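In what follows, a single structure is set out as structure tokens and then discussed.
The values are calculated or read from the model by the stated rules, or taken from the named source; none is laboratory data. This is a predicted model, so every value here is computed, not measured. Positions of Cβ are generated from backbone atoms using ideal geometry, with glycine treated the same way; all protein chains shown enter the neighbour counts.
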Amino acid sequence: MVDDGSGAVLPPEEWSGRVTGYPGDSSIVDLFAGQAAGRSDETAVVEGGRWITYGELDRWSDATAARLSEAGVRAGDMVGLLGERCLEAPVGMLAILKAGGVYVPLDPADPAGRLRTLVDQIGVRQVLRLPGTEGVLADVPSIAVADHREGPPPPGTTAGGGDPAYVMFTSGSTGVPKAVAVPHRAVARLVLGDDDLRITAADRVSHTGHPAFDASVFEIWGALLNGARLVIVDNATLLDPALLAEFFTREEITVAWLTAGVFHQCVRERPEMFGGLRCLIAGGDVLDPGLVGAVLASGQPPRRMLNGYGPTENTTFSAVHHITGVPRGTARIPIGRPIANSTCHIVDDDGNPVPVGVEGELWVGGDGVALGYLNDPALTAARFVPDRFSDRPGARLFRTGDQVRWLPDGTIDFLGRRDRMLKIRGFRVELDEIEAVLAAADDVAAATVVVAGDDPDRRTVVAYYQPVGQADQSAIRAYLAERLPRFMLPGRLVPVDRLPLAGTGKVDRSALGRRPRTPTEVGVARLWAEVLDVDPDEVGLEDGFFDLGGNSVLAARLFVRLQSMFGVDRSQSRFLTSRLLADPRLVACAAAVQEARTGLIDRDGAALNADFQRESVAAVVARPRTPADDDEPTEPLRLAGGSVLLTGGTGFLGGYLLRRLLTETEAEIHCLVRAADEDAGRRRLAEGQNRFQLGDLPAGRVRPVPGDLGRPGLGLSAADFDALAQRVDLVVHAGAYVNFTYPYSQLAPVTVGGTREIVRLATPRRVPVHFVSTLAVLAGFGAAGVREVTEDTPLAHPEHLFMGYTESKWVAEAVLAHAVRDGLPVGIHRPYEVSGDLASGAWNLENATCAMLRLMVDTGLAPDIDLSMDLVPVDVLAAQIVHLALTRTRQSRTYHLTNPRPATLGDMTEVLRSHGYRMRTLPFDEWVSRAVEFVAENPRHPFTPFVPLWVDRCPRSGLVVKQMYFTSVFPRFGRGNAERALAGSGLSMPPVDAALLDHYVRFFRRSGYLPAPDAGSEVTDSRSATA
């Protein structure tokens, strides 16, 4: 310690930083080349069911870089990288760098006006597109990463450590974002120079940061420049602690970075979830000491837990603190010490060091300091100042604007911001930028912006404005939405007669109310309390729906109640679902409801559409083979001594498939099942058989395979996956994620990713795969005006499906179509409505048709619609699928396994009446309105999760989802392949006649699913009656 002469103690020089060796003169491209050469066959990046090796990443980025060079990209050019976190993002980053360019991540969710400002500000003339960004920045020349997997390498580049590698934008107080240019050396210093942050080739690193935010720099290059595996986390998983905990375990993650907000949310629910991590880094905002302590006290803390601190201008991390304990009474978690090859200095207003314990501003330096703000030399000079503490020529310090102090142990204590820049839910926001944009609106005379709430996880931006005349608040909100990214939009807009002034003449922000409650917020809070069964006083503006116990079923109930209480158009439920998944806080839900009432939410609809054609292409394409297509049937296989892999064996149809495989073959049946071990898996399979009275499982014939369709390698070790691939002779793939509320992005990792893994397992030995799809994949044809299809008609029109479940089945089929072209024999089975078996009548009572029938009985109302009751008894369907799987082993065909003699919903209505149920028929729209009203008052009704099918309207066709299945809309479909293949099998479908429908109604009554009819009620056919 050094005495400054006044008795105060200055910090020793060594506290300010340390120097270690690292390849500071090398470019990212050169550093990656070393890993690609030595680890060519090792997995580099994983996203759901897709992955690429280091060699494939190297070749793919080479081909894309060559295309960029052909397009005119030269050394130092700014190239936009447009898209979300995905497997293609690292490919794009490397490609831009290999072409000599500087990558500029752009968020497609930003308003078009803001994106245009960003690209114009720094001269972006070429954009590299990631999947799902078609139509964004359409007037800028672009190249799609996915279109250039193969090709020659690019011309050589000569970038060095001091050249710019990327540009990222941060908030600007004038309303114009600041473009921060970061050199290659800064990245190498971050990921190759510090022991605390060092990643090894044995690590698996989770990727949670958006490419446009600097946490992604540490995650992506920390993994890829050290030979580790980068595993991408989807948004739904990141925002759900239970799913994220499962992800960490399933993917064997060892290193994870989480924003303070996500970390806090996880700890409140699952403090023990980080036990498998070698290193957990949390930061980006102030950490809650109590929650940090809860992790350490959980009994399963990570081996190393770090608080990470740093501005974008100093390349992600400037300092880290290794947390080993949280003593009682701790007010703040320190931000620690400077990382290697970085410096930290705490200075007074004149730039002189302050004594230990004295508050000052933090200035950071070293090799992580950015090159400056592009095209803003004045601001660069103000914020990047000469490093008076260094003897290195040209060294600079960045003035962070953070107030800190040295603690006696040499760590840094963070005290707050000097200016109005802060972190909200992990995003860096400058309140002055929001204020400047709002004040520039024509309808606003004056404005100021404040933050409500002291908890970093529960803060929200509140904008107060003095309107001009009768200003329309919805127009002002729309104006902001066109100019600010979503995370910077105010949670509330509050009009005031005039802004209060302090004695200095400046706006007195402290005089403004901090947390006003609007009628919409109060109403939504009451509904949350009702649906979640919690005390209304426990629901705060920043509380999350899922944090309070919500799930998809409860969300469906909530949307129905919102429609009745607020008059929200029922067609908005799809968008409300997406908004709730994206931001589950009450304040965001209330804002979405308000926008839904005004119709503004429709503008987000286009963002919900995935690129299904591109989704269907696997990340690794198998070597082309001669397609398997032998039209001759084989004798039914008995597979004595052989093996069958069955997925979905614990489900309704899956249980019957398992039973049929046991009776029709002598094979060992391997059943992929989500379970901790084989014993737990066997119990799940046995429970499924018992539930539908199918009998006991024979000893020695059924082998549970604990795994997961949603994980790479089906959740198996590489050795177990390869052994299974060598063992099985047939795959019957019936597993999927079935949910009628969640969007495609939630369902794809299981339904699509699992299918990709099945293809990978079956391809080396050309093992036949029989996939259970759904006839619903044809709904898009009818909505597009196509009136007739056959089993051989290529799939098309996914953009009309408008339901995540059907979309995921469509893409899974398309994945299999690629596999067929690569030589894999594939049978695709498309049943219509899987109904109860012929023996007992037992249905899957969680089925949409069952829920509709229950609603009809409970309300006494039936819709007058031309809906086919194309019922396929589950036992007959299972028998047909197994017969086809055992006799069409070398054939690739699609089979429509439907009922050639269906009934109508009107026929079922008559059968219900014959059982004594009073039933009136109403026109479709009127019936839906009555149904929604009934469910709103009875949110626990079985029909509630299926309301979206009856109210969501596809913007392309204008049809409600259920209308796509009306006989007048759904295309006529052929059954030629199925009829020829089943001829002579004796496995014909029974007609859906009065006897079969009566059989089912008796089961519904016997099981208690339908209540007994009121003996005194009058049975009428009131097609002409009024409602």
Exercise for the section: Please verify whether segment 794-807 includes one or more residues that are within 22 Å of residue 981 (Cα to Cα), surrounded by fewer than 23 Cβ atoms within 10 Å (Cβ to Cβ) and at pLDDT below 95. Expected result: yes
Completion exercise
By my count, strands (runs of 3 or more DSSP E) wholly in segment 735-840 with at least 1 residues that are touching a residue at least 60 places away in the same chain (Cβ under 8 Å), among the basic types (Lys, Arg) and under 21 Å from residue 653 (Cα atoms) are 826-831
Handout entry: Residue selected from segment 171-203 under the condition of a type in the set (Lys, Arg) and in contact with a helix residue (DSSP H, G or I) (Cβ under 8 Å, 6 or more places away or on another chain), by the criterion surrounded by the most Cβ atoms within 10 Å (Cβ to Cβ)
Key = 178
Problem - Any pair with Cβ under 6 angstrom, 6 or more apart, that starts in segment 987-1009 at a residue that is under 19 Å from residue 897 (Cβ atoms) and in contact (Cβ under 8 Å) with a residue 24 or more places away in the chain and ends at one that is outside any loop (DSSP other than H, G, I, E, B) and polar (S, T, N, Q) - result: 987/880
Completion exercise
All conditions in (1) modelled with pLDDT of 95 or more; (2) in a helix (DSSP H, G or I); (3) surrounded by 20 or more Cβ atoms within 10 Å (Cβ to Cβ); (4) of a type outside the set (A, V, I, L, M) are true of residue 962 except (1)
Exercise for the section: Working only within segment 808-833, note down all residues that are within 30 Å of residue 995 (Cβ to Cβ) and either acidic (Asp, Glu) or surrounded by fewer than 22 Cβ atoms within 10 Å (Cβ to Cβ) (or both). Expected result: 833
Practice task
Kindly indicate whether any position in segment 742-758 is surrounded by fewer than 18 Cβ atoms within 10 Å (Cβ to Cβ) and either out of contact with any His (no Cβ under 9 Å at 6 or more places or on another chain) or under 24 Å from residue 829 (Cα atoms) (or both).
Solution key: no
Fill in the blank from the handout: residue 327 fails exactly one of (1) in a loop (DSSP other than H, G, I, E, B); (2) within 30 Å of residue 179 (Cβ to Cβ), namely (2)
Handout entry: Those residues of segment 643-673 which are within 19 Å of residue 831 (Cα to Cα) and small (Gly, Ala, Ser), in sequence order
Key = 648, 649, 651, 654, 655
Fill in the blank from the handout: segment 355-461: strands (runs of 3 or more DSSP E) wholly inside it with 3 or more residues that are touching a Leu at 6+ places or on another chain (Cβ under 9 Å) and either touching a residue at least 12 places away in the same chain (Cβ under 8 Å) or surrounded by fewer than 21 Cβ atoms within 10 Å (Cβ to Cβ) (or both) are 360-366, 384-386, 396-406, 412-417, 427-430, 444-452
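Residue-by-condition table, conditions (1) polar (S, T, N, Q); (2) under 24 Å from residue 894 (Cα atoms):
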{"residue": "967", "(1), (2)": "yes, yes"}
{"residue": "972", "(1), (2)": "no, yes"}
{"residue": "978", "(1), (2)": "no, yes"}
{"residue": "985", "(1), (2)": "yes, yes"}
{"residue": "988", "(1), (2)": "yes, yes"}
{"residue": "991", "(1), (2)": "no, yes"}
{"residue": "994", "(1), (2)": "no, no"}
{"residue": "999", "(1), (2)": "no, no"}
{"residue": "1007", "(1), (2)": "yes, no"}
Completion exercise
Picking from 261, 284, the residue that is on the phi > 0 side of the Ramachandran plot and among the small types (Gly, Ala, Ser) would be 284
Handout entry: From the options 50, 18, residue that is among the basic types (Lys, Arg) and either buried (at least 18 other Cβ atoms within 10 Å of the Cβ) or out of contact with any strand residue (DSSP E or B) (no Cβ under 8 Å at 6 or more places or on another chain) (or both)
Key = 50
Fill in the blank from the handout: Note: among 808, 868, just one is closer than 20 Å to residue 612 by Cα, of a type in the set (Gly, Ala, Ser) and touching a helix residue (DSSP H, G or I) at 6+ places or on another chain (Cβ under 8 Å), namely 808
Exercise for the section: Scan segment 872-890 and give yes if some residue there is under 25 Å from residue 973 (Cα atoms), basic (Lys, Arg) and in a strand (DSSP E or B), otherwise no. Expected result: no
Problem - Test set (1) in contact with a strand residue (DSSP E or B) (Cβ under 9 Å, 6 or more places away or on another chain); (2) modelled with pLDDT under 80; (3) in a loop (DSSP other than H, G, I, E, B); (4) not hydroxyl-bearing (Ser, Thr, Tyr) - residue 505 fails condition number - result: (1)
Practice task
Consider residue 311 carefully, then state whether it is buried (at least 20 other Cβ atoms within 10 Å of the Cβ), within 24 Å of residue 423 (Cα to Cα) and touching a residue at least 24 places away in the same chain (Cβ under 8 Å).
Solution key: yes
Exercise for the section: Inspect all residues belonging to segment 362-377 and state whether any of them is of a type in the set (Asp, Glu), touching a Lys or Arg at 6+ places or on another chain (Cβ under 6 Å) and closer than 20 Å to residue 341 by Cα. Expected result: yes
